[in-house]
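The values are calculated or read from the model by the stated rules, or taken from the named source; none is laboratory data. These numbers were taken from a predicted model, which means no experiment stands behind them. We place every Cβ from the backbone using ideal geometry, glycine too, and count neighbours over all the protein chains shown. All accessible areas refer to the heavy atoms of the entire protein, side chains included, with ligands and DNA or RNA removed. Shrake-Rupley method; radii C 1.70, N 1.55, O 1.52, S 1.80 Å.
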Amino acid sequence: MKSSIAESYANFVMKFKWAILVFVLVATGLAISQLSKIDIRNDPDTLLPQTNKYVSTNNFIEDKFGMGNIFVVGVEVKEGSIYQDWFVNTVQEIHNKLEGMDHANKTNFISIAAQKVKNMGVTEDGSLLFKRLIPITGIDTENKYTAREQLKFMKEGLDTNPVLKPFIVYEESLKTDKVCGADEVGCIAKGTFILADYGNEIKESYVSWVRNVIEILEPYQKDDRIRISIAGEPYFLAFMMVNLLDHWYLFAISILIAIGILFFETRSIKGAIFPIVGVGISIVWTLGLMGFSEFKLTTMMVLTPMLILAVGIGHAIQVTRSYSLSKKRGEDFKIATSSALVLTIVPATLSIITDAVGFATLSTVDISFYKAYAYFGMFGMFSLLITTTTLIPILLSIFPDKKEEISHKPNHNLAKWELNFGEKVGALAVGNMRIIPLFFVLLILIPSIYFTEIHKGISNIFVEKPSLEEIVSGNKFDLMPGVEKGINYAEAAFKPHSNAIQDIYRLSEIMPGVISFNIPIRGKEPLKPVCDDAYYDKLYMLEEAEADVEGYIATKTCYDPDEDEPQGIFNKADVLTALEKMEDDIRQHPYIGFTASYAQYIKIANMLLMAESKEATTLNDFRVPSSEYLLAKDPDDDRDPDALVSSYNGLLDMASSPGDLTSMVAQNYNNGVVMGFINTMDPKKTHEALRYLQEYIEEHRNNEGLNKIAFGYRGADEVADSKTEILEGIGGFLGATEATRDVTFENWIMNPLGTALAIFVIVTLIFRSFLISGTLMVILGVTLFAQYGLAGYFSAIGNWAGNLHFGNLVTLSIAMGLGVDYSIYMIAKLREEYANTGDWFESVKVSIATTGFSILVSVIVLIGAFIPLMGTELGNTWGLSIYITEAIVIDVFTALTILPILLFILKPKYIFGQK
C-alpha cells in the first residue's frame, strides 16, 4: 500500500515537475517580499502569559507609574571623588544625551543631573524648598569659587537625602576599597548612576536604539579618567539582537560546513548544492511567514532556521544517496530520480510528522515564543517535504549527471569507510559487544540521577504525599530538586566573559542591587466621587429651610473637598507608619539591598520641617509623624497625625515639579508603589527573596495601617489569574524572573510527557506496533533524563545559561521529535533489509552503513549549523545549542545501537513478521 502511494506520488511529481518548480519559485519570491516585516523585539512583556500574576502586576505598574524600561549607566571616577567639576559635568552631559533620545520618559530619569533629584530645604515661612542639585548649565569651570560652592551645594543635597543617596551614589571605604556599609565612616564617593526610563515604543526599534546608546557612550568609555558600566532590561534585550546581527558571518560558516560535508558524502557539486538550495528555500519560506504574520519574536527564534537546516540536510542526504545508488546500479537518471522519491517520501513524511509533533506540543504553553517555535517549526518541517524530498529529485532530473560508470561492487556499492562503519557499529548492536552500548546508557543514567537528585524528590513525595498541583507548582515539593528551574536573566542572556555580563557584575558590586522589584499598593476603600452641583443645591435648600442638614451630610456618598478629610491611604499616618516599618524590616533581608516608597518623602519632609534650620536636621526626625513619634518628641503635642501628613503632601506637591513624585504615588493618593532592588542574580536567592516579600505581606497584612492596603494582585482581581492565589504578585524584573519560574514548573514535566504521548500514538499508528512505539519511548526516555541530568549538572556548578530555565526548556520537546526522526529511518531500513535477506546481522550492518551513516553525516551538519549559536556572546543560544546537541548525539547512538538490540529482543511483527 505504502509502495503504491509512493509510486503514485513519484509519477505525479515527475509529470508536473515544471509546475512544481514554478510554484516553488513564486512562493519563494513572495516569502522574500515579507522578510522586511520580521519583528524581533525580545519583549518579556509579550513572552510570558499575560494572566500570570507577576506579569499583570508589571503591566499595572508600568501603566500607572512608568519605570518599565529602566536603563542604568554607572560612572566611576578613578582619581579623587565625584565632587569634581569635570566629572559632574561629564555625568550631566551623558544624562542630557540619554534624555534627548526618542521616547525618553524624562520625568522618570534619576541621576545627580535629573530634575527630580534635588537639594531639599525649608524657606523662612516654613515651606519646603526643592532646588536642583546642579545648575542646568553645569558646574562653573571658569570661577573656582563658584564651582566650589556649587559642588558643596550638591554634596549637601545628597547627604541630607537618605532616600536617594544610596541609590545614586557609590561610596567606597578608604580602608577596604569596598562599598561602604550603613553609617560607616571614612568613605569617599567614587561613583554615581544614571537611571533612564524609556517608553515601550523603543521595543519596536531596539536595534537602532541600542546602537544609538553605544554611539553616545563610546567616547566616554575611552576616557581614561572614568569607568563606564551599562545594564538594564532594554539594553540587555536590544544588545542581544545586535550581537546576533554582528555575528552574521558565523551563519555563513555553518552553510560552508554543510556544503563541505555534503560534497564529502556525495563527491558531487550537485549533491552538495541542491540540498542547500532546497533547505534554503524552506528557511526563506519560514522567515517569510514570520514576516507576513508579524508575530513578535525573540532572538531565540534563530534556533528555528538552524533546525530546519540540520533536519533538511538529513532528509536531503537520504534522497541524494538513493539517487546515487540507483545510478551506480546502471539505472537511467529518470528512473533514478523516481526511485529516490519512492524510497524516501514515506519515511520522510513519517519522520517529519514526528518532528512536527515535537514542535506542536509547544503550542499548548502560554508563552509567545513557545507558540512561535510551534507554528513556524511545524511549517518549516512540513515544507521540507516539498523543498528537499520533492524538489531535489526534480533538480536532479532537470540537471542530470553525466553517464556514470556502473558499479558491480557487492554490499550495495558502499564505500570502504561506510562498510567499516557498518561492521564496527553493527558489532555493538548484534555481536558480543552489545554490553558496551548498555554500559553507555548506565553512564548516562547514573550521573543524571546524581545531579537531578531525583532520589531525594521521590523520597520527599512518599513522605509528604503532596498533591499533583503542589508538585507542579514547585514551591513545596520538587521531583528533581537538583535541577534549578529559575532564571538568571543576565547569564541566560550573555556568556560570563562578555562585556555585558562584566558590566552587570560590576554594577551589582557598587549598587544596592540590579534586580528591581515593585509592590503595588492600593487603598481597599474606593475613593468617593467629588460632590456635584446637585448635592450642593440640595444642601443650600436644606440650610435655608433649616431642615436636617447634618443627617443629609452624614448620608452623602460623595466627597466634599472643603469639609471632608483628604481621601486616599497616603493621607493616613497609620498607613505610612506601617509602610515605614515594612521597609525597615525587609531591608534586613540579606538579598534586599534597597527600598523606597512615598513614605520616604514624608519622612524627609518631617525631618526638614521639624528642625529649626537645615543645619539642625537629624536622622532622629527622619520618621513618619505618627502619634507615637509626636508624643515621644513632645508629650504635649496634640496635633492630628493625619492632618500633619496631609499638610506635608500639600507642601511636597507645591515644592516639586511635575513628575517628581508620580513614580511613587498616584495623584489621587490612593495608589502607590514600594520599589526596591535585589542584590543578587542567583535564581535560587532571588526566589528566596521574593518568597520572603510575599510571606511578609501575608503575615502582616492585618496589622494596623497595612489592613487598609491591597497589595499586588490576588486571584479575585479581574486582571489577575483566574486561579486562587494566596501570595501577592510582585512586579519589576524580580516579578518577571519569578513568572518564568512559574511557567517552567508548569511545563518542565508535563510538556515533554505530552510530547512523548503524542509520539507514542503516532508511531503506533504508523507502524501498527505497540512494541516499536514502546521501544522508541525507552530511547526517548533515556535522552530526556540525560537532558534533566545536564540541567542538574549546570545547576550544581552555577552555570545559569545551562540550567533548566524556560528558555532551555523548549528544547526538551523539540529534541524528542527530532530524536524519533533517526529511529524511524532506521526502522524503515531494517525492515527493508530484513525482508530482502532474512539475516538480522547483515540487515543491521547494511542499515547502519547506509541509513546510519547518512544519519551520522546529518548530525555532523547539525552540530556545524549550531556554530553560530555557540560562537556569539549570547548565553541563551549557547544553552539551546548544548541541549539540542546532547540530545541528538544520544539519539543517534541509541538509534544505531540500542534500537537494534531492543528490536531483536522484542521481535515486533512489523519487521520480523515478514519472514
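Distance distribution P(r), the stretch 53-238, all Cα-Cα pairs, bin width 5 angstrom from 0: 1, 7, 15, 18, 19, 16, 12, 7, 4, 1, 0, 0 percent. Taking other residues whose beta carbon is less than 9 angstrom from the beta carbon of residue 843, and scoring Lys, Arg as +1 and Asp, Glu as -1, yields -1. Over the residues of the chain, the helix contribution to mean residue ellipticity at 222 nm works out to -19000 deg cm²/dmol, using -39500 (n - 2.57) for each DSSP H run of at least 4.
Accessible area per residue for the stretch 53-238, computed on protein heavy atoms with a 1.4 Å probe, is 44 Å². Net length available on complete extension from residue 269 to residue 749 is 168.3 nm, with 0.36 nm assigned per residue and the Cα-Cα distance removed.
Taking all Cα-Cα distances within the stretch 1-157, those exceeding 19 Å account for 74%.
Under Stokes-Einstein, with the Kirkwood radius over Cα pairs as Rh, the value for the stretch 481-568 at 4 °C and 1.567 mPa s is 68 µm²/s. Each 10 Å bin from zero up to the one holding the largest Cα-Cα distance in the stretch 744-846 carries the following percent of pairs: 14, 37, 27, 15, 7, 0. Checking the cross-link pairs 572/633; 37/270; 296/528 against a 30 Å limit on the alpha carbon distance flags 37/270; 296/528 as lying beyond it. Normalising the average separation of contacting C-alpha pairs (under 8 angstrom, six or more residues apart) by the number of residues puts the relative contact order of the stretch 53-238 at 36 percent. With a cut-off of 14 Å between beta carbons, the residues surrounding residue 771 carry a summed charge of +4, where Lys and Arg count +1 and Asp and Glu -1. As a fraction of the 1.4 Å probe accessible area of the chain, surface on carbon and sulfur atoms comes out at 58 percent.
Stretched out fully, how many nm does the piece from residue 540 to residue 253 gain, at 0.36 nm a residue minus the Cα gap?
94.8 nm
Values of log10 I(q)/I(0) for the chain across q = 0.07 Å⁻¹ run -0.68, by the Debye formula with one identical scatterer at each alpha carbon and no solvent. In this rough spin-label picture, where each label sits 7 Å from Cα along the Cβ direction, the residue 432-residue 467 distance is 5.9 nm. Our summary gives the stretch 77-127 a relative contact order of 23 percent, counting only alpha carbon pairs under 8 angstrom and 6 or more residues apart.
For residue 845, the lysines whose Cα comes closer than 22 Å to its Cα, not counting residues fewer than 8 places off in the same chain, are 328, 409, 416, 424, 829, 907, 909, 915.
Across the chain, the mean sequence separation of Cα contacts (distance under 8 Å, 6 or more residues apart), normalised by length, yields a relative contact order of 20 percent. If Lys and Arg each add +1 and Asp and Glu each add -1, what is the summed charge of the other residues whose beta carbon sits under 15 Å from the beta carbon of residue 856? So the environment of residue 856 carries a net charge of -1.
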